[in-house]
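For reference, the structure discussed in these notes is given below.
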Amino acid sequence: MNPTFKVSVFPVYADQSAGEICAFEESTDLGAAMMQAGVYAERWLEAEADEPGDEREPVMFGVIVEVVKPAIPESESSPEPAAPVVVNEKRLTCAETAKLVRRDLKAAFPGVKFSVRSSTYAGGASIHVRWIDGPVVADVDEVVGKYAGATFNGMIDMKEYHPSTLIANEDGTFEDVRYGADFVQTHRDYSPEREAQIKAEVREFLGRDFDPAERVPLATARDGVLAWDRHGPGSWASDVLHQLLYARPA
């Protein structure tokens with residue numbers, strides 16, 4: 001038999017005081033129990049906002065996870081009950097999430113200057129990351145993509161939210177973290193010096209000067225490698241330049 005998890009949620013206020021348990025859910029699926037308990041907690045929060053009286057608003061929710069072991073046959077000795085697993089819910093703002101993005105970018109790409117801006121708007125929030133030259137977009141996306149809290153599904157024209165992130169602390173507790181940005185958008189610009197360097201490389205490969213608007217006998221350079229197109233119509237020079245700039249780190 002699988003164990004049953006009981007997830008209890010309680011509000012935590014700015015003065016660090018904890019309120020009474022406001023929602024709970026039991027399930028053999030811990031993730032499903034936490035998600036459903038979170039839904040109940042959000043409904044409780046909405047209901048509290050409409051009620052007169054205590055005007056304090058929770059700054060976060062605390063979560064207690066109790067593990068209920070399966071029944072043990074009488075012929076077997078009963079083990080000691082497992083200690084409750086304490087999970088604290090942490091909801092970050094978009095600005096707080098942007099600080100984490102800056103921290104990780106600085107650690108991953110020392111010496112590269114990034115512009116990280118957060119913006120909130122009706123229905124969501126986004127973080128915009130821009131830089132000049134430096135690493136390719138795919139490498140930056142790998143570092144910051146985990147902070148995006150949603151994905152836009154174009155098939156159904158709807159924003160789909162990602163599950164929260166469970167982080168283990170050194171004291172044995174856990175934090176269920178939900179980041180404050182729906183999307184983390186990245187954009188890489190190129191300096192005139194970098195563009196001139198790539199253009200000079202293409203000129204040397206061709207053995208002549210060229211116009212970016214002309215078609216040249218080169219294959220597409222999406223992998224960052226220049227190659228002749230000996231059997232096809234070639235490529236527009238401007239496309240080759242852009243592909244080389246995009247695919248190669250500076």
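For the stretch 32-54, a residue qualifies if it is at pLDDT below 75 and within 16 Å of Val12 (Cβ to Cβ), and exactly one does: Asp54.
Checked against the criterion of being over 22 Å from Ala95 (Cβ atoms), among the β-branched types (Val, Ile, Thr) and exposed (fewer than 14 other Cβ atoms within 10 Å of the Cβ), the candidates Ile167, Ile156 yield just one match: Ile156. Within the stretch 55-68, restricting attention to residues that are exposed (fewer than 14 other Cβ atoms within 10 Å of the Cβ) and outside any strand (DSSP E or B), which residue is modelled with the lowest pLDDT? It comes out as Glu55.
Say we look at the stretch 170-202 and pick out the residues that are of a type in the set (S, T, N, Q) and under 27 Å from Pro135 (Cα atoms); which of these is surrounded by the fewest Cβ atoms within 10 Å (Cβ to Cβ)? Out of the qualifying residues, it is Ser191.
Determine, yes or no, whether Gly172 is farther than 30 Å from Ser126 by Cβ, small (Gly, Ala, Ser) and assigned by TED's automatic domain parsing to the domain that holds Glu142. Here the answer is yes, as Gly172 does meet what is asked.
Let's see how each residue does on (1) without any contact (Cβ under 8 Å) to a residue 40 or more places away in the chain; (2) not acidic (Asp, Glu):
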| residue | (1), (2) |
| --- | --- |
| Pro110 | yes, yes |
| Thr120 | yes, yes |
| Ala125 | no, yes |
| Arg130 | no, yes |
| Val137 | no, yes |
| Val140 | no, yes |
| Phe152 | yes, yes |
| Asp157 | yes, no |
| Tyr161 | yes, yes |
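Considering every residue within the stretch 237-246, establish whether at least one is farther than 28 Å from Phe114 by Cβ, of a type in the set (A, V, I, L, M) and either more than 26 Å from the chain's Cα centre (by Cα) or not assigned by TED's automatic domain parsing to the domain that holds Met34 (or both). Among the residues of the stretch 237-246, at least one is farther than 28 Å from Phe114 by Cβ, of a type in the set (A, V, I, L, M) and either more than 26 Å from the chain's Cα centre (by Cα) or not assigned by TED's automatic domain parsing to the domain that holds Met34 (or both), which makes the answer yes. Taking the stretch 124-241 and the strands (runs of 3 or more DSSP E) fully enclosed by it, the elements with 3 or more residues that are over 30 Å from Gln36 (Cβ atoms) are at 124-132, 183-189. The residue of the stretch 146-164 that is farthest from Lys99 (Cα to Cα), among those that are touching a Phe, Trp or Tyr at 6+ places or on another chain (Cβ under 7 Å) and among the aliphatic types (A, V, I, L, M), is Ala150.
The values are calculated or read from the model by the stated rules, or taken from the named source; none is laboratory data. Keep in mind that what you see is a predicted model, and the values were worked out from it rather than measured. Backbone-built Cβ (ideal geometry, glycine too); neighbour counts: all protein chains shown.
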